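Contents: one structure, followed by commentary.
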Amino acid sequence: MIRKSIFFTLIIFSFLACEEEINYQGEFEENYALFCVINADSSKQTAMVKKKTLVIKVPKKIIMCKDAIIYLNGKNKSEQLKDTSLINNNQVTEIYYTDNFKPANGSKVEIRAEIPNGKILSSTIAVPYFTLFFFEESNLFIPDYDDPSRLFVGWSLHDGSDGLAFLTRLSINYTVNMNGVETKHILAVPVEYIIQNDNKLPVYPQATRTAFQIYRQSIIDETLNEISAGDTSKSSYTIQSANFEVFIMEQNLANYSASIESFKNSFSVKVYEPVITNIDGGLGVFGAYVKRSMKINFEPSYVRSFGYKYKKD
């Protein structure tokens, strides 16, 4: 359940993995960074604390900080986060988590982390608030019947709090049947592909305050081709539907997202430097978001034109 919570958290902050202890000679600068993004649709929340030591004329070292005491404080509720370790690709990530903190939209939330050396990191934010959210068209198809050259998804919200921004994701749900064993897959659709060092790289949407997203149909075509790239057995693939998500972020998270250099295929954020911070006593970000989503169906004949099967989920 912790892994699932992290996967659906909009931002997972990744720094260089380093050794636990540093014993260099010379001057050094030491900073702590606290990262926590509140998913206001869930009671499961996670946080991370990292220590950055910059030694003069020596590359910086980023270290996971263990044994911190972290509290999330909301209206009439205070929850201490537990600590655990996750192993992914032979790398250990120390995280702090709780399964019992779901703030109300528009409410204020404080995070407070006490580092073992006595240093305090803290921040206070307001969860995004709005009275009404709706998609302008609730029965979309790919390709779009009105304009087959593009997919346009628009939305509106009423009485939103100041500084809200939107981050979107369009993903394709499909299955693959290999030797009678069917596996489920999800692939995010980029807004563009670029060529870099002879490699084709996807470019995904970035945070915006514009309440719509446009995907060129040619990019959706290319993404569907990528699903079975190199595999001649196209009929082993069954396309089901697409899912469009809007992550509605409060101002601190929106500002941080705008400073990020690139997005990964998992839709987490690849962080090179925390150039924007709202953490008192250190670096990092404390933010919050809510999510709204809708299903988009495929035109069956369009899916079959790729050699795939179609099954409406």
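The numbers here are math on the coordinates, done by the rules we state, and not lab data. Predicted model, so just to flag it, every value in this text is computed and none were measured. No Cβ is skipped: glycine too gets one built from the backbone with ideal geometry, and neighbour counts run over all protein chains shown.
Using 7 Å Cα-to-Cβ label points, what is the Phe141/Gln217 separation (nm, one decimal)?
Here the modelled spin labels are 1.2 nm apart.
Using the number of other C-beta atoms within 10 angstrom as an exposure proxy, rank Thr175, Thr210 with the fewest first.
Thr210, Thr175
Full-extension gain between Phe133 and Asn117, please, as 0.36 nm times their residue separation minus the C-alpha to C-alpha distance.
1.3 nm
Rounded to whole Hz and in sequence order, give me ³J(HN,Hα) for segment 35-50 from the Karplus expression 6.51 cos²θ - 1.76 cosθ + 1.60, θ = phi - 60°, writing x for Gly and Pro.
Going residue by residue, I get 10, 7, 10, 7, 8, 6, 8, 10, 8, 9, 10, 10, 8, 9, 10, 10 Hz, with x marking Gly and Pro.
Could you check the simple spin-label distance between Ser259 and Ser293, using points 7 Å along Cα→Cβ, in nm with one decimal?
A separation of 2.9 nm, rounded to one decimal place.
Give me the number: length gained by fully extending Phe152 to Asn76, i.e. 0.36 nm times residue separation minus the C-alpha to C-alpha distance, one decimal in nm.
Here the answer is 23.1 nm.
Using the structure shown, select from Lys82/Lys312; Lys51/Lys102; Lys184/Lys291; Lys51/Lys184; Lys102/Lys312 the pairs with a Cα to Cα distance greater than 30 angstrom.
Lys82/Lys312; Lys51/Lys184; Lys102/Lys312
In which sequence would Tyr145, Tyr310 go, from the one with the fewest C-beta neighbours within 10 Å to the one with the most?
Result, fewest neighbours first: Tyr145, Tyr310.
Calculate the spin-label point distance for Ile69 paired with Asn105, positioning each point 7 Å from the Cα along the beta-carbon direction, and give it in nanometres.
Label at Asn105, label at Ile69, 3.6 nm between them.
Sorted by mean Cβ packing within 10 Å, highest first, what order do the peptides 218-231, 187-200 take?
The peptides rank, most packed first, as 218-231, 187-200.
Provide the per-residue ³J(HN,Hα) series for segment 296-311, in order, calculated from phi with Karplus coefficients 6.51, -1.76, 1.60 and θ = phi - 60°, each as a whole number of Hz, with x at glycine and proline positions.
Karplus values, whole Hz, x for Gly and Pro: 10, 8, 9, 6, x, 5, 5, 4, 5, 5, 8, x, 8, 8, 10, 9.
Return the long-range amide H neighbours of Val191 (sequence gap of 5 or more, or a different chain), with a cut-off of under 5 Å between placed amide H atoms.
Amide H to amide H, under 5 Å and 5 or more residues apart or across chains, Val191 pairs with Val203, Tyr204.
For a footprinting-style exposure proxy, rank Phe247, Phe152 by other Cβ within 10 Å, fewest first.
Phe152, Phe247
Using 0.36 nm per residue, how much length does the chain from Ser233 to Val203 gain when fully extended, once their Cα-Cα distance is taken away?
8.0 nm
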